[in-house]
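K.L.:
Below you will find the structure I want to go over with you.
The values are calculated or read from the model by the stated rules, or taken from the named source; none is laboratory data. On a predicted model such as this, the values are computed, not experimentally measured, just so you know. Positions of Cβ are generated from backbone atoms using ideal geometry, with glycine treated the same way; all protein chains shown enter the neighbour counts.
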């Protein structure tokens, strides 16, 4: 009688393997680069699509104690996994959810004077630490310059609030020579100078590689933990964490002049062997890669032909040995030969989007070592 795991494996159309040892290695590598600064971990969007219930404990084991998410529900889910971690919600207070922050010991990142005032109005004994977000030039969340000036002029607004850290966020950290990087650093430094006893958090994944002047006290890496390249245009200093494969459902021969897929966007110019995979854009593989993507079977590369549909991808396997490209064979979509960054570049996007778009239909496995 097969186990349920074996049965689920047999039913799956695609397989995602997450290497938790590589996640831990990436955390340790970033932590070493930071020197005395603390390395926190950003695990929003289900740990960038890799599974927060498995990834967060791996990061905890590597030494992470401070975690950042985007939404209160993400924080509540993380609290169940790591009951003693310090968990911050980057999105702020989410008016009406304040009691949930108290009940679950969630730390808000306060993005405005109104949020600071609302947090201070709650019972002091029940409030966990909060972070204050200063907008140094990204112009999304955080105290804009006029509110920052008011806070400096009215420090009593912070009376009774335990501040875990002051934070800001870089806009162009992945472009090392961009002049906005230094302008933001200077603006953040000037704001923090008015609160000299508070810890400061500034660098994201790419910001860590801008050098010690950007490290401050706490860094908040995200995509680099999961193998994304924080130094675009240069060799990736991080270790790949995932392998994504899909099975071939069917192989067929078509004649010259026959088309493949919706819209008939590919027409065979010779007798062609087509392999159809159990994978599509519903699984996070971009439709943009229709007729331009390339996938790997062992040491052989096969081009995607025709449109990628919701559940299926078609490959031209005419040049591959028949015993390699047969029903049931596994095709690599992300791995050593086609990394997350390679796929993102081919699709005209960024590794963040590739990772967070990974669907829920894969059979997932987690490798510890």
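K.L.:
Within the range 166-180, identify whether any single residue is assigned to a helix (DSSP H, G or I) and loosely packed, with under 14 Cβ neighbours inside 10 Å, and answer yes or no. Walk me through how you get there before you give the answer.
P.N.:
First, pick out the residues of the range 166-180 that are assigned to a helix (DSSP H, G or I): 179-180.
Of the ones still in play, those that are also loosely packed, with under 14 Cβ neighbours inside 10 Å are 179.
Yes: the range 166-180 contains one or more residues that are assigned to a helix (DSSP H, G or I) and loosely packed, with under 14 Cβ neighbours inside 10 Å.
K.L.:
So, of the residues in the range 14-28 that are surrounded by fewer than 19 Cβ atoms within 10 Å (Cβ to Cβ) and touching a residue at least 60 places away in the same chain (Cβ under 8 Å), which turns out to be farthest from residue 215 (Cα to Cα)?
P.N.:
The residue in question is 15.
K.L.:
Let me ask something else about it. Can you find a residue in the range 288-300 that is within 28 Å of the chain's Cα centre (by Cα), in contact (Cβ under 8 Å) with a residue 60 or more places away in the chain and closer than 24 Å to residue 354 by Cβ?
P.N.:
So far as the range 288-300 goes, yes, one or more of its residues are within 28 Å of the chain's Cα centre (by Cα), in contact (Cβ under 8 Å) with a residue 60 or more places away in the chain and closer than 24 Å to residue 354 by Cβ.
K.L.:
Taking residue 45 as the residue in question, decide whether it is touching a residue at least 24 places away in the same chain (Cβ under 8 Å) and in contact with a helix residue (DSSP H, G or I) (Cβ under 9 Å, 6 or more places away or on another chain).
P.N.:
Judged against the criteria, residue 45 is a match.
K.L.:
Here's a follow-up. Test of understanding: among 130, 97, 125, which residue is touching a helix residue (DSSP H, G or I) at 6+ places or on another chain (Cβ under 7 Å), modelled with pLDDT under 95 and over 21 Å from residue 49 (Cα atoms)?
P.N.:
Every option except 97 fails the conditions.
K.L.:
Here's another thing I want to ask about it. Within the range 9-27, identify whether any single residue is in the same structural domain as residue 205 (by TED's automatic domain parsing), more than 29 Å from residue 285 (Cα to Cα) and either under 22 Å from the mean Cα position of the chain (by Cα) or outside any strand (DSSP E or B) (or both), and answer yes or no.
P.N.:
no
K.L.:
Restricting attention to the range 187-205, report how many residues are farther than 17 Å from residue 222 by Cα and either buried (at least 17 other Cβ atoms within 10 Å of the Cβ) or in contact with a helix residue (DSSP H, G or I) (Cβ under 6 Å, 6 or more places away or on another chain) (or both).
P.N.:
Qualifying residue count, the range 187-205: 8.
K.L.:
I've got another one for you. Of the residues that sit in the range 58-76 and are surrounded by fewer than 18 Cβ atoms within 10 Å (Cβ to Cβ) and part of a helix (DSSP H, G or I), which one is farthest from the chain's Cα centre (by Cα)?
P.N.:
Among those that are surrounded by fewer than 18 Cβ atoms within 10 Å (Cβ to Cβ) and part of a helix (DSSP H, G or I), it is 61.
Per-residue answers, yes or no, for (1) touching a strand residue (DSSP E or B) at 6+ places or on another chain (Cβ under 6 Å); (2) free of Cβ contacts under 8 Å to residues at least 60 places away in the same chain; (3) in a strand (DSSP E or B):
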{"residue": "213", "(1), (2), (3)": "no, yes, no"}
{"residue": "224", "(1), (2), (3)": "no, no, no"}
{"residue": "229", "(1), (2), (3)": "no, no, no"}
{"residue": "238", "(1), (2), (3)": "no, no, no"}
{"residue": "245", "(1), (2), (3)": "yes, no, yes"}
{"residue": "248", "(1), (2), (3)": "yes, no, yes"}
{"residue": "253", "(1), (2), (3)": "yes, yes, yes"}
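Every residue, every condition in (1) under 21 Å from the mean Cα position of the chain (by Cα); (2) modelled with pLDDT of 95 or more; (3) crowded, with 16+ Cβ neighbours inside 10 Å, yes or no:
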| position | (1), (2), (3) |
| --- | --- |
| 305 | no, yes, yes |
| 308 | no, yes, yes |
| 313 | no, yes, yes |
| 327 | no, yes, no |
| 333 | yes, yes, yes |
| 344 | yes, yes, yes |
| 362 | yes, no, yes |
| 367 | yes, no, no |
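K.L.:
Picking from 144, 129, which residue would you name as being within 29 Å of the chain's Cα centre (by Cα), within 18 Å of residue 195 (Cβ to Cβ) and free of Cβ contacts under 8 Å to residues at least 12 places away in the same chain?
P.N.:
Just a single option satisfies the conditions, and that option is 144.
K.L.:
Every residue in the range 92-123 that is part of a helix (DSSP H, G or I), in contact with a strand residue (DSSP E or B) (Cβ under 7 Å, 6 or more places away or on another chain) and farther than 18 Å from residue 159 by Cα, please.
P.N.:
Hit for the range 92-123 is 101, nothing else.
K.L.:
So, one more: Considering (1) modelled with pLDDT of 95 or more; (2) surrounded by fewer than 20 Cβ atoms within 10 Å (Cβ to Cβ); (3) not in a helix (DSSP H, G or I), say which one residue 160 fails and leave the rest.
P.N.:
(1)
K.L.:
Go through (1) buried (at least 17 other Cβ atoms within 10 Å of the Cβ); (2) within 23 Å of residue 165 (Cα to Cα); (3) touching a residue at least 24 places away in the same chain (Cβ under 8 Å) for residue 52 and report which single condition fails.
P.N.:
(2) is the only condition that residue 52 fails.
K.L.:
Could you please tell me which pairs satisfy a Cβ distance under 7 Å, a separation of 6+ or placement on different chains, a first residue in the range 324-341 that is free of Cβ contacts under 8 Å to residues at least 40 places away in the same chain, and a second residue that is outside any loop (DSSP other than H, G, I, E, B) and surrounded by fewer than 18 Cβ atoms within 10 Å (Cβ to Cβ)?
P.N.:
From residues that are free of Cβ contacts under 8 Å to residues at least 40 places away in the same chain, the pairs are 324/300.
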